Every structure is written in C-alpha cells, then in structure tokens.
Amino acid sequence: MSNQSPARGPMHQVPKVRAKNTGATIRRVWNYLNRQRSALLMVYVFTILSSLIALMGPYLIGVTIDDYIVPRNYEGLIKICLIMLGIHVIGALVTWVQAYVMTGLSQKTVLHLRKDLFAKYQQLPIPFFDQRSNGELMSRATNDIENVSNTLNQSVTQLLNSIITLVGSLVIMISLNVPLTFVALLSIPLALVATRNIAKFTRKYFKDQQQHLGELNGMIEETISGQKVVKLYRQEGKEIHRFREISERLNQVGIKAQMMSGMMGPFMNVINNLSFALIAAVGGWLVFQDLTKVGIVVSFLSYSRQFGRPVSELANQYNMIQSAVAGAERVFEIMDMPSEYEGDRGKRVTETRGAVSFNHVSFQYQPEKPILRDISFEAMPGEKIALVGPTGAGKTSVVNLLTRFYDIEDGVITIDNEDIRQIDKDHLRRLIGMVLQDAHVFSGTIRENIRFGKLDATDQEVEQAAMLANADNFIKRLPMGYETLLSTEGSNLSHGQRQLLTIARAILADPAILILDEATSSVDTRTEMHIQEAMKLLMKGRTSFVIAHRLSTIQDADCILYLEQGRLVERGTHEELLAAKGPYYDLYHSQFHQVV
C-alpha cells in the first residue's frame, strides 16, 4: 500500500513469552482431556488392569522358585508357567487396547485445542498480526500443539501406571520382607534430589527451544514466500547466513535442553543399580541366616526394579511435561489475549445511506509518532472520495480507522451520524467492501473465492457477480470454469485475473461503502480497462474511498483529499485543485510532465 505500514517493526521487538504457572497450564490441558470422559475412564480402567497384571509377574516367579523349582515339582512347574504365559498375553492385549484408546483421546484433545487456537486467531485484531511473523504464529498451531499431543499420548497413561506400580510394588514388598523394603527405600531421597536439581534448568531450555523454533519457522516462511525478491537482488547468501544464525541459536539451546533432560536417565540408572546391588547383598545374607527364602528374594529384586522404574519414568516424564508445558503456555498465551469483539455490544444499523464523517481525527501506531493529525472531512452518500499524497502520508491509515482495524485516539468517525465505535464491529464491516492492490485469493475453487463475499449466495448470484466484474469471460475459458482450483495465493492466475475475482467478491457482498486501493497499478492496459469498467459499476450508488496512485483514475472524483505528513493540506475537485496550483498540481505535473 501507499501508506506507512502499521508499525510492524523488526521481529525482535515483539514481547517475549513470559512463563506462566505450570500447575494452571496443566489444569487447562486437563480440562480439554476431560471433554472426553468416557474415553478417559476407559484409559483409567485398562491402565489399572495392565499395571495389576504386571505386578503379578514377580510374585508368581517367587512362588515358582519356592513351591515348584526347589521341591522339583515338574508337573506344577508346567502349570504355573502356562498360567504366567496366559497372564502376560492378557496383559499385552490390555496394554494394546489402552494405547489405542489413549491415542484417539490425545488426538481429539489436540484437535479441540488447535480448533480453539485457530478460532482465536480469527478474533484477534489486525495489530496483533502486524507485530508477529506468520511462521511464528504457525509454529504455535503446529509444533507447540504437536508437542502437547506427544506428551499426552505418553505421559497420561505412564503417570497413572507409574503411580499404581509404585504403590503396588511398595505394598507387596512390605508384605514379603520389611527389612528389605527399608533398604529399597534408601534410593528415593537420592532420586528426588537428582530430579529436583536437574528440573530447575530443563523447563527454561525447552521454553527457549520452542521460541527459537517459532523464529526459525517465521524466517523460512518469509524467505520462501519472497523467493523471487531474494533471487532478483542476489541475496541468497545473506538469507543462508541469517538461517544459519537462527539455526545455530536453536541448535545451542536444543543441545542444552536435551543434555539436561538426558542426564536424568543415567543418574536414575546409577541409583537403581546401587539399590539393586544393596538389596541383593542384604537378601543373600538373610537367606544364609534362614530368615527368608530364595524365591522371596528373587521376587523382591524384581519388585525393587519395578519400584525403581516408576521413579525413573516419573523423572523422565517430568522433562517431557516441561517441554509440553512450554508449548501449551505459548498456545494459551494467544488464547488469553483479548478478542477485538470482546465487550463489543454495539448497534446494528438497519438501513445505511453511506454518509461518512471524520471529525478532528488523530491517530498514531506508536507513541509520539503521529500518523494522522486533526483530519476532518465528509463524504455524502454515493460520493467518490479520492485519497492522494506521498508515501507515508496517512492514506491507508484513514481506511484502517474507518474499518476499525485500528481505533482512533482523538476525534470521531461517524457513518450516518452514528459513531463507529458504537456500531457492532462485525456489522460495521458488513457495510464496507474492500478491493486492495494486493488481490488476495484463497486455495479452493474460483466459485468458492467469489462466494467468500456472501457465503449463502447461489451459484447464479456468483456467476452474475463475475459477469458484472468482467471476470466471466476468462473464467469460462479455464478447463474447469468456475470449479477451477486455485493454487496457493492464486499463482495459476494472473494478477489482473485475481483482481477481477476480488471485485466480483465485493460486488456479491453488496456493501454500502467501498474502499479501493489502486487496483490497476500493476496490470496491463487492456486488463486495466476491464478492471476500471468493473470498478465503475461497483462504485455506482455507493460511497467510495479510492487510494489513488495514478491521478488519471480519480479525475472524476467528487472530492480529492491531499494528505501530507498526516495532515489534510488540500481538498476539492480535480479542476479546483489544478487551479489552486498547490501540492496536487505539483504531483499531477510530475506524473504527466506537462504544465497545466
């Protein structure tokens, strides 16, 4: 656009994500899980069953040794072995069902999470998107949520299984031999100290990792979409260098995150092996003293392994949860942002004539950097108002304020004498149609793209709008006509063809007020004629605001507003402004190279 952009600024100026309460984040994720209570109950039941079956194994091994192997009872040994085989087969089936149900549960949970995040994106104001890269926002909807999905799929069942195994093993160990139980418990304080100290660092590194990953995605998306510019100006080397810098930062923080989380496993293995050796030594001494049986010691050693395994898993799961919490926090940070429709309970205008008034309007995107200064003008219903002036003068800002993409700080803007801040935003934007210089189309069919202006339009209404926009001829020449699929950003159509589709979309929407950002600035003369004809038809009977770059396109405007450095310095018809020989005269002379 011809105006100063809405304070995008370099991406490092975007406020960094601040850590939130881990417990609160986990509770919010849990609330999403709770939406599928029947599936969650099935997971509970099957996890408990699989845990109890696993606890039976070591006990039966001890019984086998003391009651069948030592007495040399071969017949009983075969029976007990068959029983153990059957139990393990049942356990495997139960574990498979539990994993199957949990996979569906976790996927549906993140489906709801992703839907809510995308819905939130649709409710956020334009300034939010102006201050963030597309790739960084995509990263939150993909990488961060996928991180949550992976953790849910593993950790929910593992946590429950670990708790049951821990408690069950402890109860059975106490029933088998109290002194050996105390020996096994000596490893718990060491495990807790190791977990606590390592976990201090893991969450910070995982959070940094997610942030750098979002930055990298943003850079990749930006470079790929602008690949023609990169090649044209031969900046491939610069972009490779920038990619390497961001990748190196991601690599460094990723190494730290994985190193810290990877330390947990070796520490826990050392502690568990020490505990196992100590139990074996004490247990062997008790057998020599005839204070216990060999089978009990063997069972006890197995239970001590099972007792140590949940402690190690809980420690490792803590690292996984920290990574997921970091991703979930980034998602919930977006969800907690105020919607632009929040508290918007404005009026809904039943009939609109299209009278627009700016009364002493001032505005700035950034503090102490005013963009518009005390702007006042009126547009009567059906009038064509042209906005002209040098780049950065404030032309697009006028449009942004009229549509309430941004809200004014001083002054009043009215439509039919109603302050637009008192009109429901959604309803306000239904009154306004826009045809921008950047003709944006979506992936999908041509018919769907035109229907975007009015979703309940019939096929006949869509085709009628295309005919009025002079788009019907080129559409019918396409192999699939109106059902032709458009590629990403409509790259299989010319710019002029895309522009005609956006005009057809605006015609179908039938707005009372129309905004046109010089739609013919980058097309050939013949296409320009088709677009100009379509735009004249579109503007007929509507209040129109035209951001003009080519002064030849607005000579018939009812009023031309010349903006410079945020101030309205001239107004009048084309003839009046030429006669005044002011800034408009100079601009017109510079374009046509003639003295008027």
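Of note:
- Here P(r) over Cα pairs in 20 Å bins from 0, in percent was computed from the coordinates, and among (i) 15, 36, 25, 15, 8, 1, 0; (ii) 18, 49, 31, 3; (iii) 14, 32, 30, 18, 5, 1, 0 the match is (i).
- Approximating the spin labels as points 7 Å out from Cα along Cα→Cβ, the Ser443-to-Ile255 distance works out to 3.6 nm.
- The three principal axes of the C-alpha atoms in region 361-497 carry coordinate ranges of 54, 30, 24 Å, sorted with the longest axis first.
- Rolling a 1.4 angstrom probe over the protein heavy atoms with all chains in place gives the chain an accessible area of 51 Å² per residue.
- Net +/- balance of residues flanking Thr502 in space, Cβ distance below 11 Å, scoring K and R +1, D and E -1: 0
- For region 97-162, the fraction of 1.4 Å probe accessible surface lying on carbon and sulfur atoms is 59 percent.
- About its Cα centre, region 54-189 has a charge dipole of approximately 280 debye under the convention of +1 per Lys or Arg Cβ and -1 per Asp or Glu Cβ, with nothing else charged.
- Longest DSSP-loop-exposure-free segment, GluC sites (Glu not before Pro), the chain, at most 13 other Cβ within 10 Å: 1-341
- The charge dipole of the chain, taken about the Cα centre with unit charges on the Cβ atoms of Lys, Arg (+1) and Asp, Glu (-1), comes to about 1940 debye, rounded to the nearest 20.
- Only Lys, Arg (+1) and Asp, Glu (-1) charged, at Cβ; region 139-210 dipole about Cα centre in debye: 260 debye
- Phi to ³J(HN,Hα) by Karplus 6.51 cos²θ - 1.76 cosθ + 1.60 over region 531-543, Hz, x for Gly, Pro: 5, 5, 4, 5, 5, 4, 5, 5, 7, 4, x, 10, 6
- 0 to 90° range, to nearest 10: angle between helix 22-33 axis and the chain longest Cα axis: 90 degrees
- Estimated FRET transfer efficiency when R0 is 22 angstrom, pair Met138-Glu333 (beta carbons, to 0.05): 0.90
The values are calculated or read from the model by the stated rules, or taken from the named source; none is laboratory data. Here the structure is a predicted model, which is why all the values come from computation and not from measurement. Every residue, glycine among them, receives a Cβ derived from its backbone with ideal geometry; neighbour counts consider all protein chains shown. Heads up: the accessible areas ignore ligands, DNA and RNA and are worked out on the full protein's heavy atoms, side chains in. Shrake-Rupley method; radii C 1.70, N 1.55, O 1.52, S 1.80 Å.
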